[in-house]
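Have a look at the structure below before the remarks.
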Amino acid sequence: MHGYRGKALELLYRFNAYAGEHVIIELDSKRYEGIIMPRYESADDTHIVLKLKNGYNIGISIDRIKSIKSIEGKNQIKIAEVEREDRGLSKIAMISTGGTIASKIDYRTGGVRAMLTAKELYDAIPELGELADIYPEVLFSEYSENLTFRHWSMLAEKIYEKSKEGYKGIVVTHGTDTMHYTAAALSFAVSINKPIVLVGAQRSSDRPSSDAATNLIAATTFASKSDLNGVFVAMHDSISDDTIAIHLGTRVRKNHTSRRDAFKSIGIKPIAYVRNGEIIYNLRVETRREEYILPKFEDKVALLKYHPNMDARLIEYLSELGYKGLVLEGTGLGHVSKYLFNSIEDAIKKGMIICMTSQCIYGRVRMTVYETGRDLLRIGVLPLDDMLPEVALAKLSWALANKEDVKSVMLKNIAMEMSDRSLVD
Ligand code: GLU
């Protein structure tokens, strides 16, 4: 019956209700009046979707439904133009930056466009309507591979501005390719006493296997219920839809090109999981910091992955171009070939800050073990412990643009970018 199946269909049969009918649905402490909406064939079987008088579609979990009563004069409900009303739910700012999440197919043009209004969001993902009062805003519509440091600055400023407007939390929808870079950048650029949750989707929202709805629901749950502050990434924990992991913005990485659980916390466990609408905390960490906004990023910063046979002139060229910072993704404990040493030393003498991370993904840089590491330390390369290379790039760019003593800032933990040994997974 109009897309309903499984448990949802059983419930409708039990109360003799059908899609298109004008009903009152009673929960324990609430009642909703509206029209039962049809569902997409691919939708879950645990929600009934109701179009309310104000025009919003909301999804009601079948476990909460006590009764469904038909109202006389079927289909007579007048659907008013949507007006925002205070429903006593947490206010969440949802900032859209692009990517496939929070976008929908425009049937007129055939293209994909961002969902611009709360109504569009609730229509596509009715469960959101029960969770929070969402105030969406499109900041830019870019695939995340097209984002630049300037976009990071604009986003940090927008988040800070929103944090002063009484929202409980902030959700940022983002393309997944560079979501972990943006999460790291924001972790340094903006500190507010509210959760900032980045969320993406590996499969576009028009595909039946899309993870957009589940990820967005979990991100909104965390943003509206958690009292942690800081920057987080909400994505599938495994390929099943049950559990969404909440990763710390400085300790997360995209590790798979297509799987829903592409994002993993590196070195530490996810901070929390969202399961059945509940937050299950995993790591009790203190994320509270003084509030600030430092949104600038230095453009002349690069991240270079060392590989056998690397040409030393790459580093010389960066120095000639006036690059102020370079993050090396070295091998193992933090090494590059001795044939690069002269170029590295010259670049440092000319003022470039050069930091070492490891391409191993897991573990810490330790440059005192082998001669190569010790030589690099002597030349002035900064060892960044277990900071992820992408995080180091964002931090170096941020530190160069906002801080005086860049070297000591790079070696100091600011947003848990270097994990405490006691938290190591
Ligand atoms: N390359 C796109 C992006 O990162 C992929 C779509 C997506 O992941 O949302 O924005």
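Things worth noting here:
- Report summary: the helix-based calculation at 222 nm, which adds -39500 (n - 2.57) for every DSSP H run with n ≥ 4 and divides by the residues of the chain, gives -7000 deg cm²/dmol.
- All-pairs Cα distance distribution in segment 315-416, expressed in whole percent, bin size 5 Å: 2, 14, 25, 25, 21, 10, 2
- In Hz, Karplus ³J(HN,Hα) per residue of segment 3-13 (6.51, -1.76, 1.60; θ = phi - 60°; x = Gly, Pro): x, 7, 8, x, 5, 5, 5, 4, 4, 4, 4
- The chain: relative contact order in percent, alpha carbon pairs under 8 Å with at least 6 residues between: 11
- Most fluctuating residue given options LYS168, LYS350, LYS395, as computed from a GNM of the chain linking Cα atoms under 10 Å: LYS350
- Enclosing the Cα atoms of the chain in their convex hull gives a volume equal to 146 cubic angstrom per residue.
- Residues of type aspartates and glutamates that LYS162 reaches as a straight line, Cα spacing below 18 Å, ignoring anything fewer than 8 places off in the same chain: ASP133, GLU137, ASP227, GLU290, GLU291
- Counted by neighbouring Cβ atoms within 10 Å, the residues GLU26, GLU130 run from fewest to most as GLU26, GLU130.
- Straight-distance crosslink candidates among aspartates and glutamates, where the alpha carbon sits under 15 Å from LYS305 and sequence neighbours closer than 8 are dropped: GLU329, GLU390
- Selected from ILE239, ILE344, ILE271 as most flexible by GNM, with the chain as the system and alpha-carbon contacts under 10 Å: ILE239
- For segment 252-257, backbone phi angles converted through the Karplus equation (6.51, -1.76, 1.60; θ = phi - 60°) give residue-by-residue couplings of 10, 8, 7, 10, 9, 6 Hz, Gly and Pro being listed as x.
- Cα gyration tensor, segment 227-282 - rounded (a/c under 1.5), prolate or oblate: oblate
- If you run the Gaussian network model on the chain, springs between alpha carbon atoms under 10 Å, then out of VAL336, VAL301, VAL369 the most flexible one is VAL369.
- Under a 5 Å amide H cut-off, with hydrogens placed 1.01 Å from N, THR287 pairs with ASN229 among residues at least 5 apart or on other chains.
- Virtual paramagnetic centre 7 Å along Cα→Cβ of GLU371, amide N under 16 Å, in segment 313-339: 335-339
- Vicinal HN-Hα couplings computed from phi for segment 220-230 (Karplus, 6.51 cos²θ - 1.76 cosθ + 1.60; Hz; Gly/Pro x): 5, 4, 5, 5, 8, 10, 7, 9, 6, 9, x
- Each of LEU248, LEU384, LEU139 has some number of other Cβ atoms within 10 Å of its Cβ, and from fewest to most they run LEU139, LEU384, LEU248.
- Normalised contact order of segment 269-402, rounded percent, pairs of Cα under 8 Å and 6 or more residues apart: 26
Just so you know, all these numbers are worked out from the coordinates, no wet-lab data involved. Model, not experiment: these values are computed from the prediction. Ideal geometry is used to build each Cβ from the backbone, glycine not excepted, and the neighbour counts take in all protein chains shown.
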